[in-house]
Amino acid sequence: VPQHVWRINLDPPEEARQNLSFGAADRWWEQTDLTKLVLASNKLRGLSEDIGLLPALAVLDVHDNQLTSLPAALGQLENLQKLDVSHNKLTSVPEEVMRLSRLKSLLLHHNELSHLPDGFGQLVNLEELDLSNNHLADIPTSFALLTNLVRLNLACNQLRNLPADISAMESLRQLDCSKNYLETVPPKLATMASLEQLYLRRNKLRSLPEFPSCKLLKELHAGENQIEILNAENLKHLNSLSVLELRDNKIKSVPDEITLLQKLERLDLANNDISRLPYTLGTLPQLKFLALEGNPLRTIRRDLLQKGTQELLKYLRSKIQDDVSSPHAEPPVTAMTLPSQSRVNVHAITSLKLLEYSEKQAAVIPDEMFNAVGTNPVATVNFSRNQLREIPPRIVELKDSVCDVNLGFNKISSVSLELCMLHKLTHLDIRNNFLTSLPDEMEALTRLQIINLSFNRFKVFPGVLYRIVALETVLLSNNQVGSIDPLQLKGMEKLGTLDLQNNDLLQVPPELGNCESLRCVSAAG
């Protein structure tokens with residue numbers, strides 16, 4: 001930093017030498033001391049102790065430099081209210097900074113801090129503190145004294161736990177602890193009455209805390225954890241909640257009490273293990289966005305999920321009546337139940353147009369399943385999670401109505417000609433099988449829009465797919481695909497999503513840039 005910047009308050013300006021008339025427009029003699037200094041986005045490796053010559057500074061912004069340390073003289077800037085030293089290479093914060101009692105905003109994100117001074121609690125007027133993207137493994141207990149803090153960002157660190165004292169921050173409205181290693185959240189966190197936004201994404205949480213006092217909490221983001229159970233207790237106090245984001249967890253069911261969240265606008269439950277939903281979810285008055293994809297939902301057809309939130313809510317509402325009138329649509333399995341009756345859900349075939357025989361570890365699909373169909377049109381077939389070594393030949397009997405087939409998680413090593421005759425097929429899920437190739441006869445599936453071939457044994461991109469022009473989504477992750485042909489891919493004019501994660505590609509062909517219909521290409525791993 002040029003020396004005259006530090007001395008700007010002391011040295012008379014240039015014009016003082018030239019213009020001594022009292023009518024001078026700039027009236028340099030009325031100049032006040034410097035209050036704001038912005039040195040951001042330079043290449044500074046250090047700051048001079050001469051910064052102490054600028055005692056009136058209220059704002060100092062040195063973000064995006066190459067600072068490895070801060071001068072002790074910083075502690076003399078007793079009027080400083082905002083200090084931004086983010087995006088530098090600081091490994092520590094000098095104790096002197098703790099003397100800045102008027103500081104309201106301290107931005108330290110994107111540095112290399114692994115510990116913080118214990119005196120942090122002295123910054124009693126602090127309202128905003130951003131420590132994200134550092135290497136912090138713990139937080140000083142003196143944080144409890146920061147009772148005026150409104151926003152605290154601890155995301156992208158190495159925190160394994162949060163001190164319970166953090167709950168003493170009575171003004172805190174926004175707390176971000178995303179991308180850490182938290183396995184639990186201190187129960188006392190739930191007593192923070194001012195909290196409005198809580199971010200806990202990408203940690204290792206197995207459960208959510210109960211929130212008895214968080215009456216103002218508006219947003220709770222806890223996606224990408226390992227949460228298995230969502231209790232009524234977790235939800236029932238959250239009267240103000242408008243956003244609940246729990247995607248990519250292991251939640252198995254949603255409690256009926258979710259309908260207590262009357263202000264809920266966004267609910268994201270994508271990629272969990274939810275098999276059924278409370279139909280009363282459809283009655284939430286403010287709900288505008290509901291994400292459920294990637295769940296093994298038994299009662300909701302996949303094509304319905306893609307029609308958007310309003311259609312989905314309408315469907316759920318329509319089922320409330322059914323739920324009340326026929327609580328036992330499926331016959332209970334008792335000693336008196338005939339084996340055929342327990343296996344075939346005739347109600348599902350007739351009203352849901354669903355033929356399901358999944359999670360039975362079966363080597364073959366029993367004939368009685370197909371016999372039960374009779375003349376009923378079946379739209380959806382789910383034979384997933386069995387031990388099938390081949391596609392059941394009788395599936396061809398459904399060719400005039402079936403549009404969605406799920407054969408995932410079996411031991412199928414080839415696609416049969418019978419499958420290629422299902423000319424109305426739009427969705428085909430054969431993930432987690434033993435496939436190495438697809439037959440050319442699949443070209444007859446002219447309506448196929450989505451195919452999931454993840455976790456198989458393909459070594460090349462199956463050539464027949466290039467010729468199924470209706471395809472919109474091709475999921476081929478976790479195979480051994482070594483190359484793709486971008487020229488043929490360009491002919492797939494409707495292809496919007498191509499997932500090739502975790503394969504053996506050595507390069508991404510530049511011609512892929514000409515496939516203008518593609519909106520999403522995944523090539524990680």
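The values are calculated or read from the model by the stated rules, or taken from the named source; none is laboratory data. Given the structure is predicted, the values throughout are model-derived calculations rather than measurements. Here the Cβ is made from the backbone with ideal geometry for all residues, glycine too, and neighbour counts use every protein chain on show. Note: areas computed on protein heavy atoms with side chains; ligands, DNA, RNA excluded. Shrake-Rupley method; radii C 1.70, N 1.55, O 1.52, S 1.80 Å.
Which of the residues spanning the range 40-62 are in contact with a Pro (Cβ under 9 Å, 6 or more places away or on another chain) and either touching a residue at least 40 places away in the same chain (Cβ under 8 Å) or in a loop (DSSP other than H, G, I, E, B) (or both)?
G46, L47, S48, D50, I51
Where residues in the range 295-322 are more than 23 Å from L355 (Cβ to Cβ), of a type outside the set (D, E, K, R) and open to solvent by 60 Å² or more (accessible area, probe 1.4 Å), which of them is modelled with the highest pLDDT?
Q310
What tally of residues in the range 77-106 results from selecting those that are within 16 Å of L53 (Cβ to Cβ) and crowded, with 19+ Cβ neighbours inside 10 Å?
Going through the range 77-106 one residue at a time, the tally reaches 2.
Here are some residues: N133, N157. Which one is over 29 Å from L264 (Cβ atoms) and either of a type in the set (G, A, S) or crowded, with 22+ Cβ neighbours inside 10 Å (or both)?
Going through N133, N157 in turn, just one is over 29 Å from L264 (Cβ atoms) and either of a type in the set (G, A, S) or crowded, with 22+ Cβ neighbours inside 10 Å (or both): N157.
Please give the number of the condition I451 fails out of (1) outside any helix (DSSP H, G or I); (2) over 31 Å from the mean Cα position of the chain (by Cα); (3) of a type outside the set (S, T, Y); (4) modelled with pLDDT of 95 or more.
Here I451 meets the rest and fails (2).
Return a yes/no flag: does the range 161-168 have any residue that is under 16 Å from A144 (Cβ atoms), open to solvent by less than 40 Å² (accessible area, probe 1.4 Å), modelled with pLDDT under 90 and β-branched (V, I, T).
Yes, there is a match, as at least one residue in the range 161-168 is under 16 Å from A144 (Cβ atoms), open to solvent by less than 40 Å² (accessible area, probe 1.4 Å), modelled with pLDDT under 90 and β-branched (V, I, T).
Identify, please: which residue in the range 433-453 is in contact with a Ser or Thr (Cβ under 7 Å, 6 or more places away or on another chain) and open to solvent by 30 Å² or more (accessible area, probe 1.4 Å) and is, among those, nearest to N386 (Cα to Cα)?
The selected residue is F434.
Report the residue count in the range 200-231 for those that are open to solvent by 50 Å² or more (accessible area, probe 1.4 Å) and farther than 14 Å from N180 by Cβ.
Of the residues in the range 200-231, 10 are open to solvent by 50 Å² or more (accessible area, probe 1.4 Å) and farther than 14 Å from N180 by Cβ.
Could you tell me which numbered condition S114 fails, if it satisfies all but one of (1) in contact with a Lys or Arg (Cβ under 9 Å, 6 or more places away or on another chain); (2) small (G, A, S); (3) open to solvent by 50 Å² or more (accessible area, probe 1.4 Å)?
Failing condition for S114: (1).
Going by the conditions given, is T375 touching a residue at least 40 places away in the same chain (Cβ under 8 Å) and open to solvent by 10 Å² or more (accessible area, probe 1.4 Å)?
no
Which of (1) within 26 Å of the chain's Cα centre (by Cα); (2) open to solvent by 50 Å² or more (accessible area, probe 1.4 Å); (3) of a type in the set (S, T, Y) is the odd one out, the single condition T141 does not satisfy?
(1)
For the condition open to solvent by 60 Å² or more (accessible area, probe 1.4 Å) and not in a loop (DSSP other than H, G, I, E, B), what is the one hit in V508, V521?
V521
Output the residue which, of all residues in the range 169-199 that are more than 23 Å from the chain's Cα centre (by Cα) and open to solvent by less than 20 Å² (accessible area, probe 1.4 Å), is farthest from N249 (Cα to Cα).
Only one residue tops the list, namely M169.
Quick one: count up the residues across the range 54-73 that are crowded, with 17+ Cβ neighbours inside 10 Å and in contact with a helix residue (DSSP H, G or I) (Cβ under 6 Å, 6 or more places away or on another chain).
2
With respect to L489, determine if the residue is open to solvent by less than 50 Å² (accessible area, probe 1.4 Å) and part of a loop (DSSP other than H, G, I, E, B).
Here the answer is no, as L489 does not meet what is asked.
Looking only at the range 255-278, count every residue that is closer than 19 Å to A232 by Cβ and surrounded by fewer than 20 Cβ atoms within 10 Å (Cβ to Cβ) and tell me the total.
Within the range 255-278, residues that are closer than 19 Å to A232 by Cβ and surrounded by fewer than 20 Cβ atoms within 10 Å (Cβ to Cβ) number 11.
If we keep just the residues of the range 457-476 that are in contact with a Lys or Arg (Cβ under 9 Å, 6 or more places away or on another chain) and open to solvent by 10 Å² or more (accessible area, probe 1.4 Å), which is farthest from C515 (Cα to Cα)?
Step by step, filter the range 457-476, then rank; the result is L475.
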